[in-house]
Every structure is written in structure tokens, then in C-alpha cells.
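First comes the structure, then the notes that go with it.
Every read-out reported here was derived from the displayed coordinates using simple, explicitly stated rules and does not represent laboratory data. Bear in mind that the values here come from a model prediction, so they are computed numbers and not experimental data. Cβ coordinates were reconstructed from backbone atoms using ideal geometry, including for glycine residues, and neighbour counts include every protein chain displayed.
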Amino acid sequence: MSTLNSKTISELAAMLAAGETTSVAITQAVIDRTVAVDGQVKAFLSSDPADALAQAQASDERRAAGQSLGPLDGIPIGIKDTLAVKDQPLRCASKMLEHYVSPFDATCIAKLRVAGAVIWGRLNMDEFAMGSSTENSAYQTTANPWNLETIPGGSSGGSAAAVAAGEAIATLGTDTGGSIRQPAALCGVVGMKPTYGLISRYGLVAFASSLDQVGPFARTVEDAALLMEAMLGQDPLDSTSIAPQGETRYAAALQTKRGPWKLGVPKEFFGEGIDPEVKASIEQAIDWYRDQGCEIVDISLPHSELAVPVYYIVATAEASSNLARFDGVRYTHRSEAANDALTLFTKSRGEGFGDEVKRRIILGTYVLSSGYYDAYYLRAQKVRRLILGDFEKAFEQVDAILTPTSPTPAFKRGERSDDPLAMYLSDVYTISVNLAGLPAISIPSGFTQSGLPIGLQVIGKAFGEADMFAVAHAFEQGHDYWAKTPTL
Ligand code: GLN
């Protein structure tokens, strides 16, 4: 059986360049693997093998004509169901968009096409990216490939599971409060959230616009860096996108940036609620960096404990506004039961949205309502500024910050689904990074006794992706956790 599907982008790029394989062979290996295991993993909501093979064929023809487009040319990349891919379904794992097919490509997808990537499949997620376990999908629950009884994390659970299970070489997800990093940690893969504005949000279905960012899942830090290089850049179609600053040839910089670094460890991230095996793994990682000559600095991010409450005000407020467009009139589910305009709105929304989405819309509408706006929304915005201030102060002293990605490893399906607050705490270590707009990456740092992956989070300065990648890459070079794969 072919093992092309479990290789890295850089390995495959070298094989393609040397004429040792073809994009069609790689894409076929990924398709075959998906057919073999996705009945168990359920990472994909839909896929279009014929379309993927046609893209692969075009890549092989380009290469044969001496016109290869670079390291991503011919590599199959899976896409979270919240990013628009022309002529493919875009459902956000919601009944609301059950029959919607996108007429256009998101900017990040268009850029991947320019780099020659093969766009492959639609990956499962929590409905409208709200959740931490992928159990809020209206269609199916994705299993964690390391233990099928457990969840893959969320909301980009399908994107993380697909890489872990070898159903894609790499994937894209989105991260509003941790939705790339937390599932990456729980599935034992690399997942990265860029500085806010570095990647265009055009064609990403908005959840909380001031927090949402697109980012890669991959097997290695280098692969994530290659994907970032292809996707970044200011976009006239997204007024919040920003021209990149500093070093952006991230993959090449891995060879030159070798530390030693000053690394901050925030005491607030090791207190109550952290699983002892997660804590031990992260402490070992910190010791490893120290042994390599890095200076480990104890830092404090004093407003961290307010990050989850602030997030659930800011994110729900923005969601209530963004999701107002799903009204039963335009491209969404339309209730059969309505016979006037108002009931058309209310019934279509009542039928189309799942419970968690409704909960957030209600909460967000409440915090924005007159009389409560000052008490909740405005205050949350002020505390958000304090959280950014904590990071700014810390980064006066250190090059990057090390923390656990998730307080626990993967949990059992159903364990937190009836307890929204327990679910919300899954992102306690990732959310403040979104509130501050910073880049961060999760990389595998070990396994629990029972064989579940653990993730280390490296947080960088704004536009400090090159250093953040280099810090993460150094750890990956010294360990082989990233190369382990689940048996399926
Ligand atoms: N789990 C968080 C939430 O439910 C974060 C989700 C995300 O990053 N999209 O909102």
C-alpha cells in the first residue's frame, strides 16, 4: 500500500521535483486512505475525488512542461467547511446552509491555487465554528484518530483529524478562540493561528470578525510555514487585512534562526484545572529549551483569568450581528411553515440553527442591547485592551511565550456536551491570544499514559511568526512526537 499520504509537504515536494512520484499518485493515495478510514474518523463532510484528481493532473502537466509553481504544487490540502471553495458546498456544518454551493473562492483558497495546491474535500467542524469538540456539527461527530471514543477537539476537528489520519497532507482551519490550536493539540499535529490580519478573511464565513483567522494544520512546523507563506498578504477584499511586516520567508528562516531565545512561562497557565500529565509534558518541554541554552523567564499575564468571560461577550456580540444575514430570504434554509415575513425569519432561523448557535445569538444580542451595552460589551472591550497590555509587557522581556495548548487531552464524546461552561474552558489557554491578535502555534509535546497526544503552545509577538516558527521547529527537531501516527 502507498504511504505517500503520510509524508510531509517538504518530503513530497522533493520527491515531485526529483520525478519520484506524481501529484496524481499522491492525491490518489489520500483519496484511497479517506475511503479506507473515513467511515470511522468522519472528518469529511463531502469530497470530490474527480475534481481533486483533475487538479492533480494539471499539476503534473505543469511540472512536465517545466512550470512547477513551488513546494505546494500538486499537494492535496483539505479545507474546513467554513471557507468558500468555488463550486463546492459551503455549509459551516449547519442545516442553515445545507444546500449552499459557493460561487467563488476565498482569498486564501485562490492563493493556494496560485501556488498549485490541490484543493481537497470539505472538513467537519462545530456549526459556524462554535465549539471545542466538533460535536456541534449538524451532520456528524468526528472521532479522534488516536482513540475513536474521544473527540478531536474543535471547532476545526475535521481538519485536525484528517491530517492525523493521513486523509490529507495538510489542511486549513480557522481560529477564533483556539479552534486550530486546541484540535491540533488533541490530534497530535501542528496547528497555527497567525497574527490578526495577516491572512485575508474574504470568503471565510464570519463568526467573530475581530477574532477570526485562517491558519494551517500540518505534520511539521516547516509545512505550516510553507502554507502560511503562500496565503499571507493584504487583500483589498478584506479591509482588516494588513501588509506583512518583518521576515515572511518563514521556511527558509528556520535554517538561520536558531536561538538561544528568551522564553516566557506565565504562571497563570499552570494553576487549577490543568491535567497532571499535560502539566508534566509542558514542564519537560520547558526544561528541554533550558538545556538548549534558552533563558526561561517567569512572567505574569495577570488578566488571563478574564479572557474566557471577555471572549464570550465579544465573540457572541459579533456573532449575533454576523449571523443576522442568515434570514431565510437569501441563500439559507427557508422554512416551509411560514406565511408572512416575520415568521419566515423566525421559523427559518429556528429550524436552521442548532442549540449552541442559538445560545450565542441570544447571549450576543443581550450584551449589545441598550442598557446592557455599557455594562457588558464596553467593559469587555476595555478588559480586552488590558489583556493585550499584559502581552505587550511580557514581550518587552521575552522572544516567545510557552504554555500548554489545552488543559486536558482529548475527552470522551458526550462528556462535556451538556455543560457549555465546561466546554468553554477547553480554550482557556488559547483565547487570550485571539483577544490580543497575536500569532501562536501548537506542536506535539508528548503523549499521556493512555496514548493521547499533548500539545505545547508557542505564542509569538505580533508579526513575529518567523521567530515563533523557529522556536517551535527547534523543539520538533529534538523530538519525534510529530512523526508518530495513530493505528487505524
Ligand atoms: N471553542 C471556542 C468557541 O466555541 C473557539 C471556537 C473557535 O475558535 N472558532 O467559541
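Debye-formula intensities of the stretch 251-314, expressed as log10 I(q)/I(0) at q = 0.12, 0.17, 0.24 Å⁻¹, are -0.46, -0.79, -1.04 (one equal scatterer per alpha-carbon, no solvent).
Quick one: Cα convex hull volume of the stretch 155-244, Å³ per residue? Provide the component values of the computation, followed by the final result.
Working: hull volume 7.6 nm³, N = 90.
Expressed per residue, the convex hull around the Cα atoms of the stretch 155-244 is 84 Å³.
Please report the projected area of the stretch 1-72's Cα convex hull averaged over all directions, in nm².
Details: hull surface 20.1 nm².
Spelled out: convex hull of the Cα atoms, projected over all directions, averaged, 5.0 nm².
When the alpha carbon coordinates of the stretch 293-438 are projected onto the principal axes, the ranges are 70, 39, 25 Å, largest first.
Exposure proxy shown here: for Leu386, Leu363, Leu342, Leu456, the number of other Cβ atoms within 10 Å sets the order, fewest to most, as Leu342, Leu386, Leu363, Leu456.
Running Debye on the stretch 226-266 with equal point scatterers at the Cα sites and no solvent, what base-10 log of I(q)/I(0) appears at q = 0.19, 0.24, 0.27 Å⁻¹? Here log10 of I(q) over I(0) equals -0.75, -0.89, -0.96.
Which trypsin sites (Lys or Arg not before Pro) does the stretch 215-270 hold that lie in a coil by DSSP with at most 16 other beta carbons within 10 Å?
Details: sites: Arg219, Arg249, Lys257, Arg258, Lys262, Lys267; in loops: Arg219, Arg249, Lys257, Arg258.
Loop-located and lightly packed - Arg249, Arg258.
Scale the Cα Rg of the stretch 325-367 by the rule-of-thumb value 2.2 N^0.38 Å and send over the ratio, two decimals. Each step should come with its number before you reach the end.
Details: Rg = 10.7 Å, N = 43, 2.2 N^0.38 = 9.2 Å.
Normalised Cα radius of gyration, the stretch 325-367: 1.16.
One quarter of the surface of the convex hull around the alpha-carbon atoms of the stretch 220-377 equals 15.2 nm², the direction-averaged projected area.
So for the chain, Kirkwood radius off the Cα pairs, Stokes-Einstein at 10 °C and 1.306 mPa s: how many µm² s⁻¹? Each step should come with its number before you reach the end.
Details: Rh = 22.2 Å.
Estimated diffusion coefficient is 71 µm²/s.
Over the stretch 68-145, the pair-distance histogram of Cα-Cα distances with 10 Å bins from zero comes to 20, 43, 29, 7, 0 percent, rounded to whole numbers.
With semi-axes defined as the square roots of five times the eigenvalues of the C-alpha gyration tensor, the equivalent ellipsoid of the stretch 116-186 measures 17, 14, 11 Å, largest first.
Across all C-alpha atoms in the stretch 368-473, the radius of gyration and Dmax reach 16.8, 52 Å. Calculated from the alpha-carbon coordinates, the stretch 420-471 shows an Rg and a Dmax of 13.2, 37 Å respectively. The stretch 43-185 has equivalent-ellipsoid semi-axes of 26, 16, 12 Å, by the square roots of 5 times the alpha carbon gyration tensor eigenvalues, sorted largest first.
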